Amino acid sequence: MKELFTQYKPFFLFLARFLGSYILLLIVYKIYLSNYIDHPDGITYLVAKQSHWLLNFMGHPSSITPLENWVNLYCGPHNFYVRIVEGCNAISVIILFSSFCIAFSAYLGRTIIYVLIGSFFIYLFNIFRIALIVILVLKYPMWQRFLHDILFPVLIYGFVFILWCLWLFKFSGYAKKYFISK
């Protein structure tokens, strides 16, 4: 058993770091969300507000209305609306991204900086994603399900995958330590 652990030590370290950081970040996020029972949490509201601003900036007049634990974003001539819920704020994607970076980390300072910068770009990408979904659904309502359920999740997870690859092979120091022959 000891030989097995020694042989696959990088894998077991990755698994422990990934699961540990993922569970810890998820617990912290769930504690944060527990403070918002009857109104939208601050991050979801901010995402809705910034998506609303971006739509207006792009020439698509819109408005937002916070309700129970979501925000309605209205746009278009017939007041078409999308419901922005907690799952739309990209925090779960950022938690997954951060956990992967932590799992493949060789240097703490680099990891913190990359996670912060990557999280910022994921957050921005998500704002553009929401605005584009609204614009495209206004123009092509028959594609709503495809856009929301397939295309845009593929785009945001594809973006995260690119950030992970950059992290692993360019910035983390982990690839040189474990994968590239010396």
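The values are calculated or read from the model by the stated rules, or taken from the named source; none is laboratory data. Everything numeric in this text was worked out from a predicted model, so none of it was measured. Ideal geometry is used to build each Cβ from the backbone, glycine not excepted, and the neighbour counts take in all protein chains shown.
Can S62 be described as more than 23 Å from I91 (Cα to Cα), in contact (Cβ under 8 Å) with a residue 60 or more places away in the chain and not acidic (D, E)? In short, yes. Of all residues in the range 34-69, those satisfying the criterion of being over 24 Å from F120 (Cβ atoms) and among the hydrophobic types (A, V, I, L, M, F, W, C) are I37, L67. Every listed requirement among (1) under 30 Å from L13 (Cβ atoms); (2) among the charged types (D, E, K, R); (3) surrounded by 12 or more Cβ atoms within 10 Å (Cβ to Cβ) is met by K170 save one, (3).
Taken over the range 14-47, the criterion of being in a helix (DSSP H, G or I), without any contact (Cβ under 8 Å) to a residue 60 or more places away in the chain and surrounded by 13 or more Cβ atoms within 10 Å (Cβ to Cβ) is satisfied by G20, L24, Y32, L33, I43, T44, Y45, L46.
Run down A175, A106 and say which single residue is touching a Gly at 6+ places or on another chain (Cβ under 6 Å), surrounded by 14 or more Cβ atoms within 10 Å (Cβ to Cβ) and either over 20 Å from G42 (Cα atoms) or modelled with pLDDT of 95 or more (or both). Answer to the selection: A106.
Give L67, L54 a once-over and let me know the one that is under 14 Å from R129 (Cβ atoms) and either among the aliphatic types (A, V, I, L, M) or in contact with a Pro (Cβ under 9 Å, 6 or more places away or on another chain) (or both). When all the criteria are applied, what remains is L54.
In the set F11, F57, only one residue is surrounded by fewer than 17 Cβ atoms within 10 Å (Cβ to Cβ) and either farther than 28 Å from P141 by Cβ or touching a Lys or Arg at 6+ places or on another chain (Cβ under 8 Å) (or both); that residue is F11.
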